[in-house]
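The block underneath contains the structure these notes are about, expressed in structure tokens.
The values are calculated or read from the model by the stated rules, or taken from the named source; none is laboratory data. Predicted model only: the values in this text are computed from it and were never measured. Neighbour counts are summed over all protein chains in view; Cβ atoms, including those assigned to glycine, are modelled from backbone coordinates with ideal geometry.
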Amino acid sequence: MIDFYITMARTAVMEQFQYRTANYFYMIGMIAEPVIYLVVWSTVAAAQGGEVGGYTPGTFAAYYIVWTLVRNMNIVFTPYAWEWRIKDGTLSAELLRPIHPIHGDIAYFGGWKLVVIVLWLPLAALLSLLFRPTLSPTLLEIGVFAVAIWGAYLIRTAFLWALGMVSFWTTRVSALFELYFALELLLSGRLVPMSLLPPWAQRLADFLPFQWTFGFPIEALVGELPPAQLLGGLGMQLLWIAVGWALVQLVWRAGVRRYGAVGG
Amino acid sequence: MFRLMYHYFRVGALNELQYRVNFLVQLLQSAIALGVGLAGLGVVFSHTTDLGGWTRPELLAVMGVHTLMLGLINAVIEPNMQRLMNDVQQGTLDYALTKPADAQVLVSVRELRLWSLLDVILGAIVLGVALAQLGGQLGLWQTLGFAVALLLGGLMIYSLWLMVTTVAFWVVRVDNILNLFEGLYAAGRWPVGIYPGWLRGLLTFLVPVAFAVTVPAEALTGRLTAATLGLAAAIAGGLLLLARLVWRIGLRRYAGASA
């Protein structure tokens, strides 16, 4: 199993490094979004006397620059591609293997992330020059961040797998996916740091996995969380990985039965 | 020319009318996008009463114009440019070039994604609500200024898309550049005045979001000066000519490749 992961990840690294220009364009295109949020919130902070919800323009800059890496860690096999995966029979081939197909996805996209992290470093340097972030992480914070971005990756892989598998039953899924992504955008810390959301939205987010894939890794590095909260956050990530994993198993069993029936 | 456009759009509309369920799907998606936009605006204004000199209803008006313009881009400009890019890639552009009409007009009107016009209606509704909240009287000149500014902004965006797509004659795939454009267009949901200088320049002259969204919104909120409108007209005219030129040069390149 470990061999499988290493080989798959190595393939991904070699493949994606060949397409480094395309990868770069994609990453640059992604930067517009956090820059917009950063400018809006810096303007608000400036209008409120330099601080809003505990964030200054400097910490906002740190938040949204780290955001760009976390956003890249959040890229997994997209639910939109499930329709194609089912229709063109790619899945049939993967079903013949003695290993659950999700491992292939985790390993491949995981390897890709290594390339992305390397490509991200110069972008982060450039953004830091432009926006002057305030960032002074402790060793523990850096360590928790390094683990938490991979926890985020696993949680999102599991939940988007479960969501994508809805395609086993119907192909009219785009509205459902977009509703999911809209909720995620609002309640994950992607649009705004969690502490700026109204209290009822924060309570709602406590029952959802979203903030553990986005807000938590960023705040682990940028915020001033005490050690207990940092480690507790990693615990919450483990919990949501378990929930996501169980969900994937459940939907997968039912879905594959359904898939077999269609294939005759 | 206008008769040709009318007939193409009519056929496109009839074609889309066959797929009624797509209307519902688009309605849901537009509603979700609108909901997210409103929520974002709500969060911002739960912490402040003014953003770079714009009040909440004024920013609602900006959002309305943004949605409206996005609907126009998605309905008319984007599908035609996608098809042009595919035609260049597959060599099927010949079918358009051999027709006895101006090729640039033809490639710009062949597709119409009717249901995307829903965003135009939604944007207009948001705009209406914003104007009602603002309460002031809307004079004839303001309305006229808004219409002209909107038209000029649309022409600028069309010219820019045509130029970027024309680059496909040389490098074939320009998807990534178009992605970049879509990212930058999202910046137009907020008035460009709040962005730092270098970014404002980018959003004004490279990707004319400033002229497409902020300037029409300025017309409605009584901020538009004659000088700005004149500048918009000059830039729109210049970009149209430039796009025409780039298109002609690109076209020559295409003919050279297939011969």
Handout entry: Among residues of the range B:35-76, those that are within 14 Å of chain A (Cβ to nearest Cβ), over 16 Å from B:P191 (Cβ atoms) and either in a loop (DSSP other than H, G, I, E, B) or in contact with a Ser or Thr (Cβ under 7 Å, 6 or more places away or on another chain) (or both), counted
Key = 2
Practice task
Tell me which residues, restricted to the range B:100-139, are without any contact (Cβ under 8 Å) to a residue 40 or more places away in the chain and either in a loop (DSSP other than H, G, I, E, B) or small (G, A, S) (or both).
Solution key: B:P100, B:A132, B:G135, B:Q137, B:G139
Problem - the range B:144-166 residues that are without any contact (Cβ under 8 Å) to a residue 24 or more places away in the chain, paired with ones that are among the small types (G, A, S) and outside any helix (DSSP H, G or I) (beta carbon under 9 Å, 6 or more apart) - result: none
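I'm checking my understanding of the structure. Among residues of the range A:224-256 that are over 26 Å from A:P101 (Cβ atoms) and without any contact (Cβ under 8 Å) to a residue 12 or more places away in the chain, which one is nearest to the chain's Cα centre (by Cα)?
Residues of the range A:224-256 over 26 Å from A:P101 (Cβ atoms): A:224-236.
Checking the rest, the ones that are also without any contact (Cβ under 8 Å) to a residue 12 or more places away in the chain come to A:224, A:226, A:228-229, A:232, A:235.
Working: A:E224: 22, A:P226: 24, A:A228: 23, A:Q229: 20, A:G232: 19, A:G235: 17 Å.
The residue in question is A:G235.
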Practice task
Determine whether B:V215 is away from chain A (no Cβ under 14 Å) and part of a helix (DSSP H, G or I).
Solution key: yes
Problem - A:A242 vs. criteria surrounded by fewer than 18 Cβ atoms within 10 Å (Cβ to Cβ) and modelled with pLDDT under 95 - result: no
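Identify the residue in the range A:76-103 that is among the aliphatic types (A, V, I, L, M), in a loop (DSSP other than H, G, I, E, B) and surrounded by fewer than 18 Cβ atoms within 10 Å (Cβ to Cβ) and, among all such residues, is modelled with the lowest pLDDT. First the steps, then the outcome.
Looking only at the range A:76-103, we keep the residues that are among the aliphatic types (A, V, I, L, M), and these are A:76, A:81, A:86, A:91, A:93, A:95-96, A:99, A:102.
Those left that are additionally in a loop (DSSP other than H, G, I, E, B): A:76, A:96, A:99.
Those left that are additionally surrounded by fewer than 18 Cβ atoms within 10 Å (Cβ to Cβ): A:96, A:99.
Details: A:L96: 83, A:I99: 87.
Top of the filtered list is A:L96.
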Problem - Matching residues in the range A:59-81 - criterion: being in contact with a Phe, Trp or Tyr (Cβ under 8 Å, 6 or more places away or on another chain), farther than 29 Å from A:S136 by Cα and of a type outside the set (V, I, T) - result: A:F77, A:P79, A:Y80
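Can you name the residue in the range B:188-208 that is within 12 Å of chain A (Cβ to nearest Cβ) and within 13 Å of the chain's Cα centre (by Cα) and, of all such residues, is surrounded by the fewest Cβ atoms within 10 Å (Cβ to Cβ)?
Checked the range B:188-208; the qualifying residue surrounded by the fewest Cβ atoms within 10 Å (Cβ to Cβ) is B:R189.
Looking only at residues that are of a type outside the set (K, R) and assigned to a loop (DSSP other than H, G, I, E, B) in the range B:7-34, which one is nearest to the other protein chains (Cβ to nearest Cβ)? Steps first, please.
The first filter runs over the range B:7-34 and keeps only residues of a type outside the set (K, R), leaving B:7-9, B:11-19, B:21-34.
Then drop every residue that is not assigned to a loop (DSSP other than H, G, I, E, B), which leaves B:18-19.
Values: B:Q18: 17, B:Y19: 12 Å.
Across the range B:7-34, the extreme among qualifying residues is B:Y19.
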Completion exercise
With criteria (1) crowded, with 20+ Cβ neighbours inside 10 Å; (2) away from chain B (no Cβ under 14 Å); (3) of a type outside the set (A, V, I, L, M), A:F60 comes up short on (2)
